[in-house]
Amino acid sequence: MTIDMLRSYLTDSHSLGMFLAYFGTFVLLWSAFNRVYVWLTPYDDWADIQRGAMAPAIALVGAEIGFLLPLCAASYVTRTWLAFVGWGLISALIQLGLYKLLYWRYPEGCAAFASIATVFAGAAVCAGLAQAFSMIP
């Protein structure tokens with residue numbers, strides 16, 4: 001990409017508007033997912049993380065990455081902003097459902113054990129990758 005192409009892209013109001021719409025939606029969906037995920041956990045993620053507990057931080061970051069991976073693919077393959085938002089909601093439901101399934105399997109949760117938190121994070125990232133690559137024909 002040349003400097004002239006980049007300058008043209010950045011000054012094109014439609015392109016800049018689409019960038020701002022999609023990026024803003026990424027941030028809003030990510031924030032909403034984060035709030036619901038933290039609300040869903042039976043422990044106080046933020047208090048535990050502020051005290052230096054690694055386990056909830058590992059699980060939370062894995063869930064966030066697993067949530068955002070399908071959004072990256074959706075931003076590339078969908079034709080409309082509304083479809084992009086729809087895939088964001090589907091991704092959130094899958095990640096939250098996966099959390100509940102894993103919590104059912106490991107009721108001690110990931111608040112206390114980094115090993116269990118790593119399983120939660122790994123499963124979330126794998127689910128996100130599977131969702132993302134399922135969108136690519």
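Okay, here's what the table says:
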| quantity | calculated |
| --- | --- |
| Test: residue in segment 113-130 that is surrounded by fewer than 20 Cβ atoms within 10 Å (Cβ to Cβ), of a type in the set (F, W, Y) and within 18 Å of the chain's Cα centre (by Cα) | no |
| Test: residue in segment 63-74 that is open to solvent by 60 Å² or more (accessible area, probe 1.4 Å), assigned to a loop (DSSP other than H, G, I, E, B) and either closer than 16 Å to W30 by Cβ or not β-branched (V, I, T) (or both) | no |
| Residue identified as loosely packed, with under 13 Cβ neighbours inside 10 Å, assigned to a helix (DSSP H, G or I) and more than 20 Å from the chain's Cα centre (by Cα) among D4, D48 | D4 |
| Only listed residue being part of a helix (DSSP H, G or I), closer than 19 Å to L28 by Cβ and either of a type outside the set (F, W, Y) or modelled with pLDDT of 95 or more (or both), chosen from I116, I94 | I94 |
| Condition met for A83 (part of a helix (DSSP H, G or I) and either open to solvent by less than 10 Å² (accessible area, probe 1.4 Å) or of a type in the set (D, E) (or both)) | no |
| Checklist (1) part of a helix (DSSP H, G or I); (2) free of Cβ contacts under 8 Å to residues at least 60 places away in the same chain; (3) open to solvent by less than 20 Å² (accessible area, probe 1.4 Å) applied to W104, failing item | (3) |
| Residue list for segment 107-137, restricted to those being free of Cβ contacts under 8 Å to residues at least 60 places away in the same chain and hydrophobic (A, V, I, L, M, F, W, C) | C110, A112, F113, V119, A130 |
| Pairs with Cβ under 7 Å, 6+ apart, first in segment 45-66 and aromatic (F, W, Y), second surrounded by fewer than 19 Cβ atoms within 10 Å (Cβ to Cβ) and in a helix (DSSP H, G or I) | W46/V38 |
| Matching residues in segment 58-83 - criterion: being over 17 Å from Y103 (Cβ atoms) and more than 9 Å from the chain's Cα centre (by Cα) | C72, A73, A74, S75, Y76, V77, T78, R79, T80, W81, L82, A83 |
| Filtered residue count, segment 86-96, keeping only those that are surrounded by fewer than 16 Cβ atoms within 10 Å (Cβ to Cβ) and not β-branched (V, I, T) | 3 |
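The values are calculated or read from the model by the stated rules, or taken from the named source; none is laboratory data. Computed from a predicted structure; not experimentally measured. Glycine also receives a Cβ, built like all others from the backbone with ideal geometry; neighbour counts cover every protein chain displayed. In case anyone asks, the SASA skips ligands and DNA or RNA and just uses the protein heavy atoms, side chains included. Shrake-Rupley method; radii C 1.70, N 1.55, O 1.52, S 1.80 Å.
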